[in-house]
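Comments concern the structure below.
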Amino acid sequence: MRILIVDDSRSVRAGLRQKFEENGYEVYEAANGDDAVRMAEEVLPHLITMDVGMPGMNGFEATARIRATETGKTIPIIFVTGKDSLEDRKQGFYLGATEFISKASGAPWQEVVMTAHRMLRECGLPEGFTALVVDDNEVTKLIVCNILRRQGIQVLEARNGTEALKIVEQNRTAIDLVITDYMMPEMNGGELCSQLRGRLGLRHTPVIFLSGATEKGMILDMFRAGATDYLMKPFAKEELLARIRVHMEHWELVKELNSTVEQLERLDKLRDEFVAMATHDLKNPLNGIMGFSQILEREKSLSDRHRQMIATIKDSSTLMLEIVNDILALSRLESQNDESVLTPLSLLPIIHIATASIQQTAFKKGVQIETIDHCQCDAIIDGNRHNLQRVLNNLLSNAIKFTPAGGTVTISLRQNQNNQIILDVTDTGIGIPAESLPKLFEKFTKASRRGTDGEPGTGLGLAITKHLVEQQNGAIEVSSSAEQGSCFRLTFPISSMLS
């Protein structure tokens, strides 16, 4: 990369040349402003170091001339000078200086090279951002605005909090960053920040305080008002840009997340509307099919072949209705914002009700149901009676479905050393292949299959079961192998009433 060194001192040029060449740069020199303007167009340097006090055309005039050319508009210019007052910086930044480095420390050649190296190689700030700079000190405001504009940030300016608040109200969605002083007339930075966070609802927009305030109480007031960060005047440009970069990258992520959340909420609403419409439109014709199938079954003139066809229609429509009901149930569960109300419940009576309600199904298939209670005292958990009943019904139905005649389904209760209630539903059925276990609780899983008597499955029962168990602060897991039976284990914390 090409560097143009502009200084009337030969020793300064020699010192800078040596350091730049040691770091692999190609170096050109100019001893005055006129040569600097000419060489900037001839050499097309990637960066210029510029002295201010030179005979003839000084550094400020040379910078203005270079910036006026098409090729010189974007070249970084570092002022390396002994003239480093606030007024000098104001004039330099106004004309297009990228950085000021003082010669007061002696020979800051290494600092100049490091600054140039960083400017030519550093990653810029995210593009397309707008910042609002609020300060009643015109010099500070000018310096900050020029620094930001050099980084490609669009800048809006305000002299006090009142003026800034009006700008934000008019450009609420466009402002990505606010940099404000604290002590200002009409409305100070703290009041401004409070208004942004409260009345305007800009909770996540970064607000950086750039202030000379050193009192801890005042700094605490800034953060109480909602400050994101605080930087003390006088500030280093590098530190300001580093802070801004961090907050802008975070703000970019927040905006992406907000956009994603909005899309998900919209999709959830569309899903709920679709499910409600689909289930309603499917249930009506299914009820008609099932009703007429039952009427046709009563016809005495039907042949055995026709009766078999009607039975198939009836069974298929019954399965379809179960699928529709399961989809609707799962959609309702997932769209519930509030958790179910949990109350202390004794598990054993609920188990007895579940086994009694499914006993007839087990009897028809020749499957025995057993209940074993290993608990020393009553097994009480915090749960929802209706949901627990549904969980047990699903697990028992599955166990019976995949257990052949002569098999057994066992429900056992025990309490472990961690004060948890363990409920196991174990069967002696056909088991589950190892490759199907990881996706067993997924919706519409392909692991769903027909039972030992050809009973169909919807692929939603275990997904609903898992959702209901987790709603009650529980966990569900399964262990199984083909032809060896299965065990579904539910783990619940003991009721808070007893702990």
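Throughout, read-outs are computed from the coordinates displayed, never taken from laboratory work. Predicted, not measured: the structure shown is a model, and the values here were computed from it. In this analysis, Cβ positions are derived from the backbone assuming ideal geometry, glycine residues included, and neighbour counts consider all displayed protein chains.
Things to note:
- Within straight-line cross-link reach of K103, lysines at Cα separation under 23 Å, skipping those fewer than 8 residues along the same chain: K19, K83, K90, K233, K237
- Helix 347-365 axis, angle to the chain major axis (alpha carbon atoms, nearest 10°): 60 degrees
- Applying 1/(1 + (r/R0)^6) with R0 = 51 Å to the Cβ-Cβ distance of E483 and E297 gives a FRET efficiency near 0.85.
- For region 150-158, 3J(HN,Hα) per residue [Karplus equation, 6.51 cos²θ - 1.76 cosθ + 1.60, θ = phi - 60°, Hz, x = Gly/Pro]: 5, 8, x, 8, 6, 10, 10, 10, 8
- Each label was represented as a point 7 Å from its Cα along the Cα-to-Cβ direction; for E256 and L348 these points are 5.6 nm apart.
- Helix 304-335 and the longest principal axis of the Cα set of the chain meet at an angle near 40°.
- The K166 and R203 beta-carbon pair, evaluated with R₀ = 22 Å, returns a calculated FRET efficiency of approximately 0.65.
- Burial order of peptide ranges 306-312, 25-31 (average beta-carbon count within 10 Å, highest first): 25-31, 306-312
- Shape call, region 1-122: gyration tensor on alpha carbons, a/c limit 1.5: rounded
- Taking Cβ atoms as reference points and 15 Å as the exclusive limit, the residues near L165 contribute a net charge of -3, counting Lys and Arg as +1 and Asp and Glu as -1.
- Axis of helix 10-22 versus longest Cα principal axis of the chain: the two differ by about 30°, to the nearest ten degrees.
- Segment K233-K283, length gained on full extension (0.36 nm per residue, minus Cα span): 10.9 nm
- Three-way shape label, region 204-271, alpha-carbon gyration tensor, a/c 1.5: oblate
- Computed extension length for A107-R266: 51.0 nm, one decimal, from 0.36 nm per residue of separation with the Cα-Cα distance subtracted.
- Listed residue pairs exceeding 30 Å between alpha carbons, taken from K365/K466; K166/K269; K73/K141: K166/K269
- Cut-off under 5 Å, modelled amide H: who pairs with V155 long-range: A131
- Given their separation in residues at 0.36 nm each and the Cα-Cα distance between them, E22 and E442 gain 145.0 nm when the chain is fully extended.
- Calculated Rg/Rh (Cα atoms, Kirkwood Rh) (choose from (i) 1.15; (ii) 1.10; (iii) 1.26), label: (iii)
- Under 5 Å between amide hydrogens, built in the peptide plane, is the criterion, and for V27 it picks out I3 among residues at least 5 positions away or on other chains.
- Amide proton proximity set for A97, modelled H, under 5 Å, gap of 5+: none
- Estimated dipole of the chain in Debye, rounded to 20 [Cβ of Lys and Arg +1, of Asp and Glu -1, Cα centre]: 1220 debye
- Within region 56-115, the trypsin sites (Lys or Arg not before Pro) that combine a DSSP coil assignment with at most 11 other C-beta atoms in a 10 angstrom radius are K73.
- Of the residues C193, C377, C487, C145, the one with the fewest other Cβ atoms within 10 Å heads the list, and the complete ranking is C377, C487, C145, C193.
- Span from the region 33-77 Cα centroid across to the region 459-492 one, whole angstrom: 75 Å
- Its relative contact order, with pairs defined as Cα atoms under 8 Å and 6+ residues apart, puts the chain at 7 percent.
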